[in-house]
Amino acid sequence: MYEKEEKMLNESKEQLEQLAIPDPQIDYAIQQGFYKANSKRSKRKKTLWTISVAAILMLTFITSIRVSPAFANAVASIPGMERFVDLIQLDKGLEAIIENDYYEAVGVSQMKDNMTFTIDGIILDETGMEIFYTLEAPFSMEDIQYGNLEVWNDGKNLSEDSAYSFGHLSEKTNRIVERFSFTFGKVKQFTSQQFELVFQIENDKETTFKVPFTLKNTVQQGKVYSLNEKVEMDGQKMLVKDITVHPLRVAVNIEFNEQNDMEILQFEDMRLEDENGEVWSSIQNGTSGFGGVKNKERTYFLQSNYFKEPKKLYFKFDKVQALPKAESYLLIDLDKKEVLSEPTDGKLEVMNINDQSVEVKVQRIRENHMYTLFGDVVDAKGERIDTPSESMHGDEQYNYSTISLDSKDIVNPIKLNLYAYPNYLDGSVSIQIK
């Protein structure tokens with residue numbers, strides 16, 4: 001069905017590859033072509049017609065990427081287009097952001113220590129920021145390490161209470177096209193459109209990029225659904241307090257009854273559905289949010305489709321991981337190398353104990369997803385133990401996890417609270433929110 005488009009795209013790609021144009025210029029041209037079509041929207045009817053055609057072409061382009069892997073691969077091979085293919089294939093909410101011009105092209109670069117760092121574009125809302133960037137050098141960057149990462153607005157560090165990720169780094173390349181994902185700890189209000197990204201790279205020496213940028217888009221406010229809906233699942237009581245739909249993510253606030261006899265761990269399938277049963281918002285790779293397993297109230301983040309307006313909207317979840325509170329942890333004596341308490345269903349086995357780590361295996365929890373197995377670790381005095389790292393891998397039957405411990409001044413035994421486990425509540429929950 002898309003053979004003609006694929007052929008045309010491949011021919012264009014071959015022609016581009018024969019031209020002696022530096023990659024940054026290609027990226028810039030692509031961005032200008034995609035994102036500045038709307039800048040002259042009000043000038044003439046001819047312009048409006050051009051924009052309409054461009055919108056139709058964009059929808060066709062996005063649809064082609066979704067349904068044709070060959071077309072998607074061809075687009076991704078064009079410099080600067082990798083990030084858009086990833087977005088469109090993985091997240092309907094980000095697809096809608098691009099369709100509705102909420103992605104803002106920036107194109108600001110800075111060169112230091114023979115490396116060029118470019119902020120390609122930004123998506124910003126009250127809950128976080130997605131920073132799309134390109135890092136280039138005339139040498140392989142396989143040995144570089146990312147250091148401190150901060151975003152400032154009017155002298156305020158937005159990163160202080162935020163979680164962030166660097167994205168995936170290729171091992172041997174002199175050109176990295178990726179994104180920084182910030183999730184703010186609380187809803188932010190911005191006092192100006194002036195921002196600055198501070199980004200450190202550690203190679204032979206430390207290089208710090210400080211890149212100021214200005215945004216023009218108005219930050220869209222969240223759509224709040226106040227619910228305070230009491231629900232019960234397998235005898236466990238919860239209060240769904242409110243749901244707020246932002247452009248980047250949906251924030252779901254849930255309060256757990258302290259009288260529950262089960263510790264609620266992970267929600268494997270939490271979603272929004274419209275009146276046709278279409279999944280309107282979900283997390284593909286496990287829920288994320290703020291508030292640990294022991295918190296009475298937690299916030300869960302789902303993928304958003306802010307720019308859609310369904311007639312009806314339902315909040316649903318099932319496949320909820322849980323354990324009896326008395327079995328929701330491992331109790332281990334590091335000196336004696338003994339397990340004093342563990343879940344009694346036999347799904348988890350402690351394989352190795354030493355002064356600086358504990359290694360376990362557990363029946364595979366979820367296909368195509370690897371959960372962090374442990375939450376907080378405390379000693380017999382209730383003092384929190386630092387856990388520098390947790391390494392994980394899996395096979396068809398088991399997930400394996402090794403958690404490292406800062407073993408200084410530990411009073412035995414230690415308690416390792418479980419964060420995920422293959423045991424589930426029965427039933428499901430559905431609430432109409434619109």
Estimated FRET transfer efficiency when R0 is 25 angstrom, pair Asn114-Trp152 (beta carbons, to 0.05): 0.45
Theoretical gain in end-to-end length, Lys186 to Asp409 [0.36 nm per residue, Cα-Cα removed]: 76.8 nm
Between segment 393-434 and segment 199-263, the alpha-carbon center distance in angstrom: 20
Amide H partners (placed H, <5 Å) of Val108, local residues excluded: Ile119
Cα-projected label distance for Thr173 with Ser226, points at 7 Å along beta-carbon direction, nm: 4.7
Out-of-range pairs (alpha-carbon distance over 27 Å; input Lys237/Lys312; Lys296/Lys336; Lys230/Lys415; Lys319/Lys347; Lys294/Lys434): Lys296/Lys336; Lys230/Lys415; Lys294/Lys434
Relative contact order, percent, segment 326-418 [alpha-carbon distance under 8 Å, six or more residues apart]: 34
Gyration tensor over alpha-carbon atoms, segment 326-418, equivalent ellipsoid semi-axes in Å: 22, 14, 11
Rg ratio (alpha-carbon, reference 2.2 N^0.38 Å) - segment 139-239: 1.52
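None of the figures in this text is laboratory data; all of them are computed from the coordinates on show. Note that the structure is a prediction, hence the values are computed from the model and not measured. Note: ideal-geometry Cβ built from the backbone for every residue, glycine included; neighbour counts use all protein chains shown.
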